[in-house]
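Heads up: the structure comes next, in structure tokens.
The values are calculated or read from the model by the stated rules, or taken from the named source; none is laboratory data. Keep in mind that what you see is a predicted model, and the values were worked out from it rather than measured. Positions of Cβ are generated from backbone atoms using ideal geometry, with glycine treated the same way; all protein chains shown enter the neighbour counts. Only protein heavy atoms, including side chains, enter the accessible area calculation; ligands, DNA and RNA are left aside. Shrake-Rupley method; radii C 1.70, N 1.55, O 1.52, S 1.80 Å.
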Amino acid sequence: MDLKDIINEIKKRGFTGYKIAESTGLTQVGVDKILNGTSKTPQKKTLKLLEDFLNKSYASGEDINIIEIPKPQQGVPYYDVDFTASFLEVTNNQATQPDSYIDHPFFRGCDCVVRNSGQSMAKLISHGDAIGLVKINNWMEFFPFGEVYAIVTDDGFRMVKIITEGKTDDTYTLVSKPTESKKEDFPPQQIKKSSISAIFRVQASSHLF
């Protein structure tokens, strides 16, 4: 089945993004983007998961009549967790449900909203601010330097920094924006590209409104 056939069959049978995410391990946000046509062409392994989900539903006879459909929500999913402390609980558990949804122009287009923690970016983002994140799927190929990103490392470290060119080809430079009194506490750091597992663009934060 191609992407169009998969989407048509999912909609025909009435499956929701929540139900598919719960059964496949994909994210509800990602599935919803595929269904409403706002995502880029999904990877082959994603299409295979969706096709397998449909095949299993055929075998079990599952359809809209026996699926509990959650009440539609508006806005971007908000998880009441600190990015630097609890974000992996969200990303590692696709069944985790949002604490609420935020419908605000600054956060539209974000994959999720979480809380910032710490003082390293205090000039731009305060401790406790809500930050809207957009996952960069092709960050190993290209992303603009000089913007604010949320970084997750293979060791489970999570930080919000400005990313610029590294001193060597296999590194990036992480730049903080603390208050003047804390400037010496947060010098620029080098991070190996190979140690990064995910990068999210910080599209918005609650200090903007």
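I'd like the antiparallel share, as a percent to the nearest 5, of DSSP beta bridges with both residues in the chain.
Working: 30 of 32 bridges.
Restricted to the chain, the bridges split so that about 95 percent are antiparallel.
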Work out, step by step, the length gained on full extension between residue 80 and residue 140: first 0.36 nm times the residue separation, then minus their alpha carbon distance; give nm to one decimal.
18.7 nm
Along each principal axis of its Cα atoms, how long is the chain end to end? Whole angstroms, biggest number first, please.
63, 37, 27
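Decide, for the range 118-209, between rounded, prolate and oblate: order the square roots of the alpha carbon gyration tensor eigenvalues as a ≥ b ≥ c, take rounded if a/c falls under 1.5, and otherwise choose prolate if a/b is larger than b/c, else oblate. Could you put the intermediate results ahead of the total?
Values: a/c = 1.87, a/b = 1.27, b/c = 1.48.
Here the range 118-209 falls in the oblate category.
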Using 0.36 nm per residue of separation minus the Cα-Cα distance, give me the extension gain between residue 4 and residue 126 in nm, one decimal.
39.6 nm
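If you average the sequence gap of Cα pairs under 8 Å that are 6 or more apart and divide by the length of the chain, what percent do you get for the contact order?
17
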Heavy-atom SASA rank of 38, 171 (probe 1.4 Å, accessible area, largest first)
38, 171
Place the peptides 109-117, 29-37 in order of packing, highest mean first, counting for every residue the other Cβ atoms within 10 Å and averaging per peptide.
109-117, 29-37
